[in-house]
Amino acid sequence: QQQVKQSPQSLIVQKGGISIINCAYENTAFDYFPWYQQFPGKGPALLIAIRPDVSEKKEGRFTISFNKSAKQFSLHIMDSQPGDSATYFCAASIDGNDMRFGAGTRLTVKP
Amino acid sequence: KAGVTQTPRYLIKTRGQQVTLSCSPISGHRSVSWYQQTPGQGLQFLFEYFSETQRNKGNFPGRFSGRQFSNSRSEMNVSTLELGDSALYLCASSRGSLADTDTQYFGPGTRLTVL
């Protein structure tokens, strides 16, 4: 069932540092790779997403790096802030359907 | 624009009972997807409805079912509840166009506890 493997399980970063979360997938048919951010007591919220035809996508402090040959993608959070402390999920799907999620990474940014 | 709403927010049931959860999507959104979130299994896709038809289905037993109404509101039903069904059930809506720019918006979830 697990088709998307996410690491690390938890991450502690100092304020201003770079947070890096990695995901690997198995199904080469996946063509949509979103990242979600979830705060306690809230539903996930789409952060940024990428298609496999590009190797990198940047939105503000958030960057997705995508390596199609390695079947890996990662989220980089630059200048991490305490407000970024949340659980992050990577996901993969075919055309946005039947989304498969990673297990999640609990990020803590220390002030 | 109002967000995705889910009712009820919290629910306690006993084994063997059935439960119905409701989701109202963002106005104009025609796709509604349901997810189960548990500490052990994480986020898992249940099914997606678009224009009153189930368009995609995850790997869950037939006890889990859903439907969508003409106004795009959706309900999810779980019959013969088991302890393992205790979870946060999330609903997400989107325009359903399957385009790259079509964003899914999640509701706050319904916390189901099965005793």
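Please enumerate the residues belonging to the stretch A:77-86 that are surrounded by fewer than 17 Cβ atoms within 10 Å (Cβ to Cβ) and either in contact with a Lys or Arg (Cβ under 7 Å, 6 or more places away or on another chain) or over 27 Å from residue B:4 (Cα atoms) (or both). Listed by number, the residues that qualify are A:78, A:79, A:81, A:82.
Within the stretch B:57-77, track down each residue that is polar (S, T, N, Q) and either in a loop (DSSP other than H, G, I, E, B) or at pLDDT below 95 (or both). Listed by number, the residues that qualify are B:59, B:70, B:71, B:72.
The set of residues from the stretch B:1-25 being surrounded by fewer than 18 Cβ atoms within 10 Å (Cβ to Cβ), of a type in the set (A, V, I, L, M, F, W, C) and assigned to a loop (DSSP other than H, G, I, E, B) comprises just one member, B:2. If you go through the stretch B:78-100 and pick out every residue that is among the charged types (D, E, K, R) and modelled with pLDDT of 95 or more, you end up with 2. Scanning the stretch A:44-62 for residues that are away from every other protein chain (no Cβ under 14 Å) and either within 9 Å of the chain's Cα centre (by Cα) or surrounded by fewer than 14 Cβ atoms within 10 Å (Cβ to Cβ) (or both) gives A:55, A:56, A:58, A:60. Of all the listed residues (B:46, B:21), the sole one being among the aliphatic types (A, V, I, L, M) and farther than 28 Å from residue A:31 by Cβ is B:21. Residue A:107 meets the conditions (1) within 14 Å of chain B (Cβ to nearest Cβ); (2) within 27 Å of residue B:4 (Cα to Cα); (3) aliphatic (A, V, I, L, M) in every case but one. The failed one is (1).
The values are calculated or read from the model by the stated rules, or taken from the named source; none is laboratory data. The structure displayed is predicted, hence computed values, not measured ones. Neighbour counts run over all protein chains shown; Cβ positions are idealised from the backbone, glycine included.
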